[in-house]
Amino acid sequence: MSELLIKNAVVCDPINNINCVKMDISIKDGKIVESVSSGAKVIDAGGKLTMAGGVDGHTHCAGKINVGRFMSPHDMRMTNVPGLSGKEAPTATTRAQVGYNTPNAFAIGYRYAKLGYTTIGEAAIPIIGARHTHEEFEAIPILDKFGLTLFGSNWQVMEYIRDDEPEKLAAYVAWGLKASRGYGIKIVNPGGGEAWGWGKNVSGLDDPVPNFDVTPAQIITALAETNEKLNLPHSIHLHCNNLGKPGNYETTIASMKLLENLKTSRDRQAMHVTHVQFNAYAGTSWRDFESGAPQVANYVNSADHLTFDLGQVIFGPAMTMTADGPVEYANSRMLHAKWSNMDVELEDASGVVPITYSPKMFVNAVQWAIGLELALLVDDPWKVMFTTDSPNGGSFVNYPEAYTYLMSAKRRTEVIEGLPEMALGRMNLPGIDRELDLYELAIMTRAMQSKIYSMDTKGHLGVGADADIAIYDLKPDSIDTTVEYAAVKKAFSSTAYTIKGGEVVVKDGEIAMTPEGRTYWVNAKVPQANTDAMQVDLAQKFKRYYTVNQANYMVEDAYLPHPVEITTEAL
Amino acid sequence: MAVITDAICSLCGSLCDDITVTVEDNVITDVERACILGRNKFVGMFLHDRIESPMIRKNGELVDVSYEEAIDEAAKILVNSKRTLSYGWCSTSCEAISKAIQLAEETGSLIDSTANVCHGPSALAVQEKGGPSATLGVVKNRADVMIFWGCNPAHAHPRHMRRYSSFSKGFFTQKGRKDRKMIVIDVRKTDTAKIADQYVEIDQGSDYLLVTALRSAINGHEDVIPDTVAGVSKEDILKLANTLKEAKFTCVFYGMGVTQSRSKYKNGDGVSSLISDLNQHSKAVMIGMRGHYNVTGYGQVSTWETGYPMAVDFTRGAPYYNPGETGANDVLTRGDVDAAIISAADAGAHFPQDSLKYLAKIPVIQIDPYANPTTELSDVVFPAAVVGVEAEGTAYRMDGISLRMKKLIDTKFKTDEEIVVDLINKVRELKRGA
Ligand code: SF4
Ligand SMILES: [Zn+2]
């Protein structure tokens, strides 16, 4: 029975409509409770800003990131963000740390915790590679984890869509989630991964996937319907076609429109569209390239069926990594950069390429502005998840810096002054004066995640929630966040306290203890007859095409030492 | 009698996962589908040359001691050492590797894998140019052209060609071998070369020249190619380049003939660049033919735990990586370590003479199921369970797919992982006492 009482916390908890109100928080056995006994340990928050632990719903933290590490020993020495990057010797509580964009697994846990994050979601798990993802999850200390499973170029999926077998499709997706211990359906450049098997790509929503006779639009729609049939906690999580191409905002809006009328099984969005910065480009080439954020934001403002995340760019070195294989190859040729690729049998593709976003480069400057424009032009913060698609747009350790861009027009103006003239004409940011407050920031960094992932014990501080709490060294009643952005950045860069499951894991910016986190996964139940019928087809796939036997394919229990199984019933 | 299906062969980097093993009275009596190498590992070999007891060298002789005494002695060596070399860890599980890295971190040691003497240069090539690759099943289902460069799977990976490459049948390659063109590039006509459609014999150590010429041809600069390159005529080079350009899907499998020949990592760098260029015309990938069954796993675990795939030095606390300086043989030839712990690899049989001479001078701890030339150099010896036969755990296939190895029979021996954990605890205890 461990009890903890946090006194004098100025709580910012949008799920419970609490906007910076001074109150106490009672914790018992890792959960937030009504009250605790007088024997409880007391922490005096002294009027400091207190939020639920942050939830990063789209980050690359396990699996493909190891390819990025492998190919970039130079990244291990980078110290771009002091205290949150580079090499650190082991201590009595912590393992050795290295890296910036691609830190080692231990550093990922410590550094997210220092930022006040307590839950992270890996954005892409190939089913056949899922065991590896979970091995790395296990190595990441402190944080709770979940991962999204790739289905968008999967042979079995495409065949069931082509053959109009929705029941078998649902049974297969349920099985794939179980095999990978995944939390939801990720779709990356639908159909593009298969086309990349021949060095090609799909050009848009209606361009049929070679040899499979389905279109990206059909893949998105069918998987979205499956998602609702399975009653999954998250919606489909879509990385649109044509990522990174001028003019792609049209594909993005068209993809969003596909699901306007989808009936959802739960009170949440019908789709989440990810790292939209990379998919909100106007123009027809890199010459007339300009921001397409206003068009996308306008559509999002008019729609009520979707959420999205930013994929904000941070100036400096980054590491791109995505299941979008053709995009990474194109990146490497354009940037003359080293290129790693991993095509995954029957399932998908992927690639990794280093990049540097320079404020002097017109294209990079516009990209930087697009992410911010999306956040600021979309009226409802509950539709917006803050991400850098770490480390694609930049490492997560830059989140505090990025918050200041969202919260302070003054800070934005400073950056904009250093951008090339040509870029300014291609963006809308200089004309935007909206400044997010702490409440809106809390929505974009933890509260909306609670809703979009249906994680009702995460992202808020109400009774029954997990006692995952961040106390920042910042007093909301005595700071003007629009002006004092240096103080804002400093406070969000290292918490006064991070509490995970009721235990103090960070104190005064230092790691205090390193408990093991849990892994969330979804066990979607479907009628056994559908599974049996599906297994007949799947057995053929294993017999003829996979190089791993089905018996060795599914992630074993041994790889989830602390599982949290979410069970759903098909509708 | 128990029949265990879908067992994984933990011998070579092919990591075949379709083996059926029959166990009677805790002895493996039958093995189905494994090749001769794998079969030998499953049946018989684990009975012979086993180290039976923990041993300590006393007055020049290895004598049996209790496990506790050996742990004591080994921990003392580690604690008294200024800088230990931890080496091997490629024929063991990822779980054991993870613990070995933790031990190295806590003792300020330098830890390196067998990649130091095989595919290390491939890692350097990836760091230079990237690694455009694919899982083996992609090759099985798609590749119509495959090149075996400086490798001889017929001997080193006997089931590779049937399961994954030349003879396998897949979705777009229903006719198997008939649907594929098989090319071997090597310095001598190996048994793999004998069954190829085309054998390209090159001069010893000239791989880089040939890669460069091929790239020139593929990129439309055939005018710069001399009449013969690497012992191959320009005409043949142009033909080969054309085959690659017109292929639907090419996979280059490369082996130690490429990574350990002259120009070392530059060869892999060249092949990676070649693959990138080829993708302008068709689809192409490359896969390293890794030997030890889990040398790939070592690279993976080391990378996510330390940031680097091999040759990691914890002497200064935080990991430091500088192959050429921090590789196992670099420090041994320089005499820059004062103790060694060697596990699941045979340095005694594979290291150059200078390194061995130095190893003979310093205290060496060995953890291994088998007595081998390293044992002769060792001062403390721990017998271990055979991972993949007597202990379960994770291993990575040559293409980076990880699989769970099964425990097939019981053993009295501790696993590598258990031994390393005991060492970590004893080292902590000694440090606290100091
Ligand atoms: S090819 Fe390699 S993994 Fe397969 S059975 Fe033979 S030795 Fe074992
Ligand atoms: Zn992403």
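Among the helices (runs of 4 or more DSSP H) confined to region B:133-174, the ones with at least 3 residues that are within 21 Å of A:Arg544 (Cα to Cα) are located at B:136-142, B:160-163. Of the residues making up region B:115-141, those that are touching a residue at least 60 places away in the same chain (Cβ under 8 Å) and at the interface with chain A (Cβ under 9 Å from one of its Cβ atoms) number 13. Checked against the criterion of being outside any strand (DSSP E or B), out of contact with any Lys or Arg (no Cβ under 7 Å at 6 or more places or on another chain) and farther than 26 Å from A:Asn231 by Cα, the candidates A:Gln269, A:Gln295 yield just one match: A:Gln295.
Can you report the number of residues in region A:325-362 which are more than 13 Å from every other protein chain (Cβ to nearest Cβ) and more than 24 Å from the chain's Cα centre (by Cα)? Of the residues in that region, 4 qualify. If the condition is being within 16 Å of ligand 2 (Cβ to nearest atom) and part of a loop (DSSP other than H, G, I, E, B), then region A:52-87 contributes A:His60, A:Cys61, A:Ala62, A:Gly63, A:Lys64. Right, B:Val211: closer than 28 Å to B:Ser10 by Cα and either crowded, with 24+ Cβ neighbours inside 10 Å or within 16 Å of ligand 2 (Cβ to nearest atom) (or both) or not? No: the conditions fail for B:Val211. Residues that are under 14 Å from B:His155 (Cα atoms) and in contact with a Leu (Cβ under 7 Å, 6 or more places away or on another chain) were ranked within region B:14-39; the one that is farthest from the other protein chains (Cβ to nearest Cβ) is B:Leu37. Pull up region B:332-351, narrow it to residues that are under 18 Å from B:Cys90 (Cβ atoms) and over 17 Å from the mean Cα position of the chain (by Cα), then point me to the one that is nearest to the other protein chains (Cβ to nearest Cβ). My answer is B:Ile341. Just wondering, is there one or more residues in region A:320-332 that are crowded, with 24+ Cβ neighbours inside 10 Å and away from ligand 2 (no atom under 16 Å from the Cβ)? Yes, there is a match, as at least one residue in region A:320-332 is crowded, with 24+ Cβ neighbours inside 10 Å and away from ligand 2 (no atom under 16 Å from the Cβ). Scanning region A:260-269 turns up no residue that is buried (at least 24 other Cβ atoms within 10 Å of the Cβ) and of a type in the set (A, V, I, L, M, F, W, C). Counting only strands (runs of 3 or more DSSP E) wholly contained in region A:117-189, the ones carrying 1 or more residues that are of a type in the set (D, E, K, R), more than 14 Å from chain B (Cβ to nearest Cβ) and away from ligand 1 (no atom under 16 Å from the Cβ) occupy A:144-150, A:184-188. Of A:Gly83, A:Gly53, A:Gly47, all but one fail to be more than 16 Å from ligand 1 (Cβ to nearest atom) and within 17 Å of A:Ile140 (Cα to Cα); the exception is A:Gly53.
If I go through region B:23-39 residue by residue, how many of them are surrounded by 15 or more Cβ atoms within 10 Å (Cβ to Cβ), outside any loop (DSSP other than H, G, I, E, B) and within 22 Å of the chain's Cα centre (by Cα)? The number of residues fulfilling the criteria is 3.
Let's see how each residue does on (1) surrounded by 24 or more Cβ atoms within 10 Å (Cβ to Cβ); (2) in contact with a Pro (Cβ under 6 Å, 6 or more places away or on another chain):
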residue: B:Ser276; (1), (2): no, no
residue: B:Val285; (1), (2): yes, yes
residue: B:Met289; (1), (2): yes, no
residue: B:Tyr293; (1), (2): yes, no
residue: B:Trp304; (1), (2): yes, no
residue: B:Gly317; (1), (2): no, no
residue: B:Asn322; (1), (2): no, no
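Among residues of region B:309-331 being of a type in the set (Gly, Ala, Ser) and under 22 Å from B:Val79 (Cα atoms), the one that is farthest from the other protein chains (Cβ to nearest Cβ) is B:Ala328.
Scanning region B:146-158 for residues that are at negative phi and surrounded by 22 or more Cβ atoms within 10 Å (Cβ to Cβ), we see that the one that is nearest to ligand 1 (Cβ to nearest atom) is B:His157. Exactly one residue out of B:Val31, B:Val27, B:Val43, B:Val65 is farther than 24 Å from B:Ser91 by Cβ and either in contact (Cβ under 8 Å) with a residue 12 or more places away in the chain or within 16 Å of ligand 2 (Cβ to nearest atom) (or both): that is B:Val65.
Any residue at all in region A:535-548 that is away from chain B (no Cβ under 14 Å), of a type outside the set (Ser, Thr, Tyr), touching a residue at least 40 places away in the same chain (Cβ under 8 Å) and under 25 Å from A:Asp456 (Cα atoms)? Among the residues of region A:535-548, not one is away from chain B (no Cβ under 14 Å), of a type outside the set (Ser, Thr, Tyr), touching a residue at least 40 places away in the same chain (Cβ under 8 Å) and under 25 Å from A:Asp456 (Cα atoms), which makes the answer no. Summed over region A:106-159, the residues that are farther than 23 Å from A:Ser395 by Cβ and among the aromatic types (Phe, Trp, Tyr) give a count of 2. Restricting attention to region A:378-399 and to residues that are touching a His at 6+ places or on another chain (Cβ under 8 Å) and small (Gly, Ala, Ser), the residue that is nearest to ligand 1 (Cβ to nearest atom) turns out to be A:Ser390. Set side by side, the residues A:Asn364, A:Asn301, A:Asn331 differ, and just one is under 30 Å from B:Lys283 (Cα atoms) and touching a helix residue (DSSP H, G or I) at 6+ places or on another chain (Cβ under 9 Å), which is A:Asn364. List every residue pair whose Cβ atoms lie under 9 Å apart, where the two residues are 6 or more positions apart in sequence or sit on different chains, the first residue falls within region B:264-286 and is farther than 11 Å from B:Cys251 by Cα and more than 12 Å from chain A (Cβ to nearest Cβ), and the second residue, located anywhere, is of a type in the set (S, T, N, Q) and surrounded by fewer than 24 Cβ atoms within 10 Å (Cβ to Cβ). Pairs that qualify, where the first residue is farther than 11 Å from B:Cys251 by Cα and more than 12 Å from chain A (Cβ to nearest Cβ) and the partner is of a type in the set (S, T, N, Q) and surrounded by fewer than 24 Cβ atoms within 10 Å (Cβ to Cβ), are B:Tyr265/B:Gln127; B:Asn267/B:Ser261; B:Gly270/B:Thr212; B:Gly270/B:Ser263; B:Leu274/B:Thr212.
The numbers here are math on the coordinates, done by the rules we state, and not lab data. Fair warning: this is a prediction, and the values are worked out from it, not measured in the lab. Note that each Cβ is placed from the backbone with ideal geometry, even for glycine, and that neighbours are counted across all protein chains shown.
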